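First comes the structure, then the notes that go with it.
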Amino acid sequence: MKDVKPNTAKCKDTIPLIPEVTHEFEAELLHHAATFAAKTDLRYYLCGVNIRKSNKGCIIEATNGHMAILINDDSAVCAEKSVIIDLNIIKMI
């Protein structure tokens, strides 16, 4: 029988780090956009609000496949990466 060594790997060694993405905007805009997002859809990208960088600020957008909203917030600060915020997270804000 071989000697079994305990797993000594640490989380930081086995789980890739996700780079921090920072977006600064009015939380109220998330709630406005969330009314246009799908509530029960298998496509995860419809069940949330997308935030992406624009020329001067952020674009906050959502759709349920039938109607859509696009909010251009020039006073916001966005990272280069686009993010989708799930509706369950938005409810907690």
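Some points to look at:
- Projected-area mean, region 35-93, by convex hull of Cα positions, square nanometres: 4.2 nm²
- Of all accessible heavy-atom area on region 48-90, the percent that carbon and sulfur account for (1.4 Å): 52 percent
- Across region 36-46, computed HN-Hα scalar couplings (Karplus, 6.51 cos²θ - 1.76 cosθ + 1.60, θ = phi - 60°) run 9, 7, 5, 9, 9, 10, 5, 7, 4, 6, 8 Hz from first to last residue, x flagging Gly and Pro.
- Nonlocal amide H pairs with ALA76, under 5 Å, H built at 1.01 Å: CYS58
The values are calculated or read from the model by the stated rules, or taken from the named source; none is laboratory data. All values derive from a computational prediction rather than experimental measurement. Remember, those area values only see protein heavy atoms, side chains included, never the ligands or the DNA or RNA. Shrake-Rupley method; radii C 1.70, N 1.55, O 1.52, S 1.80 Å.
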